[in-house]
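The values are calculated or read from the model by the stated rules, or taken from the named source; none is laboratory data. Because the structure is a prediction, the values reported are computed rather than measured. Don't worry about glycine lacking a Cβ; one is built from the backbone with ideal geometry, like all the others, and counts go over all protein chains shown. Protein only, heavy atoms only, side chains kept; ligands, DNA and RNA dropped before computing areas. Shrake-Rupley method; radii C 1.70, N 1.55, O 1.52, S 1.80 Å.
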Amino acid sequence: MLDIENTLDSSATEDALEEIVMGLIINSGQARSVAYGALKKAKEGDFVTARSLMEQSREALNEAHKIQTRLIGDDQGLGKTKVNLVLVHAQDHLMTSMLARELVTELIDLHEKIK
């Protein structure tokens, strides 16, 4: 896992920011990927595994959200954090993963009701 505390406290060198951004992308991507794996299991009727995978997805998303929250706190709305295309891309990954998890949760519930 990314050591967000030490990385941000050493204040935003480009390498540190890149590491933080990669943490957002990796954790967000993991959350989305595992959620879609859960949906596949739900389609197969394996709801126990689907729920377990959704918990793993939640944990990965929580890690990404911690990174995002720390970035926001560090910036304090003052523009301290250098915003670049990769950071915007990472934020897009996070928001897309959050939406995917919400939708997959609903789809799993529907599959369970149908079965």
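With all projection directions averaged, the alpha carbon convex hull of the chain covers 7.1 nm².
Taking Cα centre as origin and charging only the Cβ of basic (Lys, Arg, +1) and acidic (Asp, Glu, -1) residues, the dipole magnitude of region 26-114 rounds to 160 debye. Derived scalar couplings between HN and Hα for region 77-86 equal x, 9, x, 6, 8, 5, 9, 9, 4, 5 Hz in order, rounded to whole Hz, by the Karplus curve 6.51 cos²θ - 1.76 cosθ + 1.60 (θ = phi - 60°), x for Gly and Pro.
For region 18-35, the Karplus equation 6.51 cos²θ - 1.76 cosθ + 1.60, evaluated at θ = phi - 60°, returns couplings of 4, 5, 4, 4, 5, x, 4, 5, 5, 5, 5, x, 4, 4, 5, 4, 5, 4 Hz by residue, with Gly and Pro reported as x.
Result for the chain in a Gaussian network model with C-alpha springs under 10 Å: among V21, V83, V104, the largest mean-square fluctuation is at V83. Here the Karplus curve 6.51 cos²θ - 1.76 cosθ + 1.60, taken at θ = phi - 60°, turns the phi angles of region 100-108 into couplings of 4, 4, 4, 5, 4, 4, 5, 5, 4 Hz, with x standing for Gly and Pro. What a 1.4 Å probe finds exposed on region 26-114 is 60% carbon and sulfur by accessible area, rounded to a whole percent. With a Förster radius of 30 Å applied to the C-beta separation of D46 and L103, the computed FRET efficiency comes to 0.95.
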